[in-house]
Amino acid sequence: MMTHPLLPKLRQLKLSGMLNTLDLRAEQAVQEQLAPIEFLALLLDDELERRSQQRLAYRLAQSGCDAQKTLPRFDFSALPGLNRTLIQDLATCTFIARHENILLCGPTGVGKSHLANAIGIEALKRDLRVFARPIHRLLVDLNASRASGGFPRLMARILNSDLLILDDFGLQTLAPSAIQDLYEIISERYERGSIIVTSNRAFEEWHAVFANDLLASAALDRLTHHAHLLIITGESYRQRSRRKEALDQAKSPKKTA
């Protein structure tokens, strides 16, 4: 391919990716007796798909989402009480256009982070800007960026993303400056951008995270307005996995000396 006679011209037109499928499509055109315009359409479709995949890979790398935690890989059978229809509806990402939030509460290991990540990936597929971080790490990085001069740029990314995913809300104690930053983020994104929050804490305990009744009331009032609240109950995926491994080991035949 690097010596293909069309390579210089395709490079000049920034279409060198067409070489990946050029021979295949040429063979297809001969076999199916395609018209020249049909052959060209196939090549252009390939190029558009290649660029779309490149954009998705770049956005995914920038977002902080995990490419492995997708909706098809989520085990709905383990959580029979979960409203699968609602999850599928949220995965269409229409809630983002309406600037609605999603709040996911439940014990450790029931798939809250997986669901949040999966919805983030669906948003990325729709060319939406996603920014996903564990909330404690985000606030630590935000505070550190003040010293480096990167605070305005990082805050702009947080505020301007179409979907902000804050994982593990309330897992660790927050410093007063972090609490103030969190309030500013929630306040600035109110009715401007969607937020997904996951938390191991019961929703009734969220006030305590702010350690400030006034900030807590103001922040949670904005966060819960136009929000979908999902309480997920069930057994930890990790606990089920350990039990399954122990059961498999018990069933496996023991080696004799």
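The values are calculated or read from the model by the stated rules, or taken from the named source; none is laboratory data. It should be emphasised that the depicted structure is a prediction, and the values quoted were computed from it without experimental measurement. Here Cβ is always computed from backbone atoms with ideal geometry, including for glycine, and neighbour counts include all displayed protein chains.
Checking Arg98 against (1) under 28 Å from Leu171 (Cα atoms); (2) at pLDDT 95 or above; (3) of a type in the set (Lys, Arg), which test does it fail?
The single condition Arg98 does not satisfy is (1).
Of the residues that make up region 45-58, is at least one outside the structural domain of Ser194 (by TED's automatic domain parsing) and either modelled with pLDDT under 85 or hydroxyl-bearing (Ser, Thr, Tyr) (or both)?
Yes - at least one qualifying residue is present in region 45-58.
Is it fair to say Leu124 is modelled with pLDDT of 95 or more, under 18 Å from Arg73 (Cβ atoms) and part of a helix (DSSP H, G or I)?
Working: modelled with pLDDT of 95 or more: yes; under 18 Å from Arg73 (Cβ atoms): yes; part of a helix (DSSP H, G or I): yes.
When the stated conditions are applied, Leu124 passes them.
What is the residue count in region 213-241 for residues that are modelled with pLDDT under 90 and on the phi > 0 side of the Ramachandran plot?
Going through region 213-241 one residue at a time, the tally reaches 1.
So, Leu229, is that one outside any helix (DSSP H, G or I) and either buried (at least 19 other Cβ atoms within 10 Å of the Cβ) or touching a residue at least 24 places away in the same chain (Cβ under 8 Å) (or both) or not?
yes
Give the residue, chosen from Ile96, Ile102, Ile87, that is surrounded by 15 or more Cβ atoms within 10 Å (Cβ to Cβ) and in contact with an Asp or Glu (Cβ under 8 Å, 6 or more places away or on another chain).
Ile96
Taking region 158-176, which residues are over 16 Å from Ile119 (Cβ atoms), within 16 Å of the chain's Cα centre (by Cα) and among the β-branched types (Val, Ile, Thr)?
Ile158
Just checking, does region 177-186 include any residue being more than 18 Å from Leu115 (Cα to Cα), in contact with an Asp or Glu (Cβ under 7 Å, 6 or more places away or on another chain) and part of a helix (DSSP H, G or I)?
Among the residues of region 177-186, not one is more than 18 Å from Leu115 (Cα to Cα), in contact with an Asp or Glu (Cβ under 7 Å, 6 or more places away or on another chain) and part of a helix (DSSP H, G or I), which makes the answer no.
Given the structure, is Asp75 assigned by TED's automatic domain parsing to the domain that holds Asn200 and under 20 Å from Ala61 (Cβ atoms)? Please lay out each step first, then the result.
Working: assigned by TED's automatic domain parsing to the domain that holds Asn200: yes; under 20 Å from Ala61 (Cβ atoms): no.
Judged against the criteria, Asp75 is not a match.
Scan region 56-72 and tell me whether some residue there is hydroxyl-bearing (Ser, Thr, Tyr), surrounded by 13 or more Cβ atoms within 10 Å (Cβ to Cβ) and over 30 Å from Gly109 (Cα atoms).
Within region 56-72, not a single residue is hydroxyl-bearing (Ser, Thr, Tyr), surrounded by 13 or more Cβ atoms within 10 Å (Cβ to Cβ) and over 30 Å from Gly109 (Cα atoms).
Report whether or not Lys244 is modelled with pLDDT under 90, assigned to a loop (DSSP other than H, G, I, E, B) and not assigned by TED's automatic domain parsing to the domain that holds Lys125.
So Lys244 fails the test.
Does Val110 meet the test of being free of Cβ contacts under 8 Å to residues at least 40 places away in the same chain, in the same structural domain as Leu182 (by TED's automatic domain parsing) and β-branched (Val, Ile, Thr)?
Considered against the rule, which asks whether it is free of Cβ contacts under 8 Å to residues at least 40 places away in the same chain, in the same structural domain as Leu182 (by TED's automatic domain parsing) and β-branched (Val, Ile, Thr), Val110 comes out as no.
Does region 20-38 hold any residues that are surrounded by 16 or more Cβ atoms within 10 Å (Cβ to Cβ) and not polar (S, T, N, Q), and which are they? Show your work before the answer.
Just the residues of region 20-38 that are surrounded by 16 or more Cβ atoms within 10 Å (Cβ to Cβ), to begin with: 21-22, 25, 29, 34.
If the condition is that a residue be surrounded by 16 or more Cβ atoms within 10 Å (Cβ to Cβ) and not polar (S, T, N, Q), then Leu22, Arg25, Ala29, Leu34 are the ones that fit.
Of all helices (runs of 4 or more DSSP H) completely enclosed by region 1-115, which ones contain at least 3 residues that are under 15 Å from the mean Cα position of the chain (by Cα) and over 17 Å from Thr198 (Cβ atoms)?
Numbers: elements: 7-12, 19-31, 36-63, 84-90, 94-97.
Result: 36-63.
Among (1) buried (at least 18 other Cβ atoms within 10 Å of the Cβ); (2) modelled with pLDDT of 95 or more; (3) not in a helix (DSSP H, G or I), where does Leu174 come up short?
For Leu174, the failing item is (2).
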